Every structure is written in C-alpha cells, then in structure tokens.
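Any read-out appearing in this document is the output of simple, stated calculations on the displayed coordinates, not a laboratory observation. Predicted model, so just to flag it, every value in this text is computed and none were measured. Quick reminder, even Gly has a Cβ in these numbers, built from the backbone with ideal geometry, and neighbours come from all protein chains shown.
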Amino acid sequence: MTTTSISTASGSTQSKAASFPADQIEQFRCQYPDYDEQESEFPLWIEGVDTTYAPFIPTSTRRVLIALDMVRLSSADKVLDVGSGDGRFCFAAVSFFGAQKALGIEYEQDLVEKSTELAQDLVDQGRILFQKADLTNWRDSPTMQSKEWTVIVVFLSPEGGTDMEEWLVQEFERGVRIVALVFDLKHLKSLHCSLEDTEEGIWVYEKQQQ
Ligand SMILES: C[S@@+](CC[C@H](N)C(=O)[O-])C[C@H]1O[C@@H](n2cnc3c(N)ncnc32)[C@H](O)[C@@H]1O
C-alpha cells in the first residue's frame with residue numbers, strides 16, 4: 001500500500017493510502033495490452049548515460065492511471081504530454097478519463113508514428129495528436145505557447161528539463177495543473193505541490209485558490 005501526502009490549505013500535510021481501483025487498472029491493461037510493458041522497479045532510470053534528451057522509459061499503465069487520477073483529470077481538461085513516448089498518457093487521458101483532447105510532443109520519429117498508430121481511432125476523431133518536435137524549442141513552439149492546456153504531464157530528466165523550467169513556471173502561474181513523474185519539481189519554489197506519492201514517484205502541482 002502506498003502513501004499519498006496531501007498539502008492542505010493551511011499548509012499542513014495529511015497522509016492517506018492511494019486508492020485507485022485495482023480492477024479498473026486490470027481492465028485497462030487487458031483492453032490495451034500494447035501499452036502494458038513490464039513494470040520496472042521505481043526509481044526507473046538509467047545510470048551513467050547522457051540524459052540531456054531523456055530516453056524513452058515508459059511509465060507503467062498502472063502508474064499512468066494513478067497519476068491522472070491524482071491530478072483529477074476530467075472531461076473539462078486538455079492535456080499536453082511533453083516527451084510523450086508511445087503516447088500512453090494521452091491515450092489514457094482521453095479514452096479512460098474522457099479528457100477533451102490530448103497532445104503529445106515527442107522528439108523520436110518512430111515513437112510519434114507508434115503512438116499515432118496505437119491511438120489511431122482517437123487521432124482520426126481529432127481528440128489526440130502527436131507532434132514530432134524538440135521541447136528545447138519551447139519559446140518558438142505555438143503548441144507550447146498555446147493557452148488551451150489545463151494539465152501538463154512531464155517525465156524528463158532534470159538535465160533535459162532545466163531549460164524548460166521557465167516554461168513550466170509560466171504555465172503553472174496561469175493555472176495549469178502539472179503532474180511530474182519520477183523527478184519532482186520542488187526546486188522550483190514558485191510551484192506549489194498539492195499532492196504527492198513519493199513511493200510511486202508522482203507529484204501534482206496546482207495553484208492554491210486565493
Ligand atoms: C522518460 S520518457 C517518458 C515517456 C512517456 N511520457 C511515459 O511516461 O511513458 C521521455 C520521453 O521524452 C522524449 N524526449 C526527451 N527529450 C526530448 C526533447 N528534447 N524533445 C522531445 N521529446 C523528448 C524521449 O524520446 C522519451 O520518449
């Protein structure tokens with residue numbers, strides 16, 4: 001059983017057991033086996049490699065569902081996954097949580113093609129899109145400067161993510177919820193971590209209501 005911490009309005013922290021229904025996780029895994037790669041041990045990272053461009057290390061479908069549940073994804077949301085890999089976050093966001101739309105930005109052409117293929121029906125319906133682009137060009141990216149996103153998913157190495165920190169702060173300030181995988185963003189002091197599950201390596205950042 002994992003422990004989830006909730007930062008309350010008063011700034012204190014409560015703990016509760018993560019409680020995403022196991023039968024729903026199992027149903028999703030069986031229905032979409034293409035995304036269901038063997039779960040690696042957490043923290044899942046490769047030591048000793050240049051991580052300037054984070055390699056493709058998929059998040060298990062179980063943790064994808066937990067993370068999107070923690071960020072309270074709903075049909076009101078539009079999701080941007082920066083470094084989308086095989087597109088599993090975008091797919092789960094739209095197909096499982098009913099998000100309006102999801103877009104994944106990915107540097108590797110073969111992953112863009114694979115993710116498009118895996119989510120073909122939703123791509124055809126215009127609810128999911130994968131773009132081949134380099135995130136480090138975020139200043140000139142119409143997609144990353146668009147104000148339509150309500151949730152950002154980020155699972156990138158700290159080295160690769162550094163240049164994007166300014167962008168993450170900018171998006172947080174305008175009210176976007178950010179869900180970070182494996183690497184927390186606590187060094188970004190202007191972000192407020194509202195919910196964390198350190199055992200699962202999932203952190204949610206959300207602006208506090210005034
Ligand atoms: C750790 S994987 C996460 C994949 C997916 N979000 C998941 O959780 O399963 C990081 C992904 O980011 C992509 N990536 C790394 N640096 C990038 C960059 N500068 N621009 C675009 N994509 C990048 C990698 O190719 C890889 O697929």
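Points worth noting:
- For segment 29-34, the Karplus equation 6.51 cos²θ - 1.76 cosθ + 1.60, evaluated at θ = phi - 60°, returns couplings of 4, 6, 6, 10, x, 4 Hz by residue, with Gly and Pro reported as x.
- Sites GLU117 and ARG29, calculated FRET efficiency, Cβ-Cβ separation with R0 22 Å, nearest 0.05: 0.70
- Highest-first arrangement of 199-206, 143-150, where packing means the average Cβ count within 10 Å: 199-206, 143-150
- Full-extension gain in nm, PHE20 to GLN208, via 0.36 nm per residue minus C-alpha separation: 65.3 nm
- For ALA99, net neighbour charge (Lys/Arg +1, Asp/Glu -1) across residues whose Cβ lies under 9 Å away: +2
- Legend: residue pairs LYS101/LYS189; LYS101/LYS132; LYS101/LYS207; LYS186/LYS207; LYS147/LYS189; LYS78/LYS207, Cα-Cα distance threshold 20 Å; pairs beyond threshold, LYS101/LYS189; LYS101/LYS207; LYS147/LYS189.
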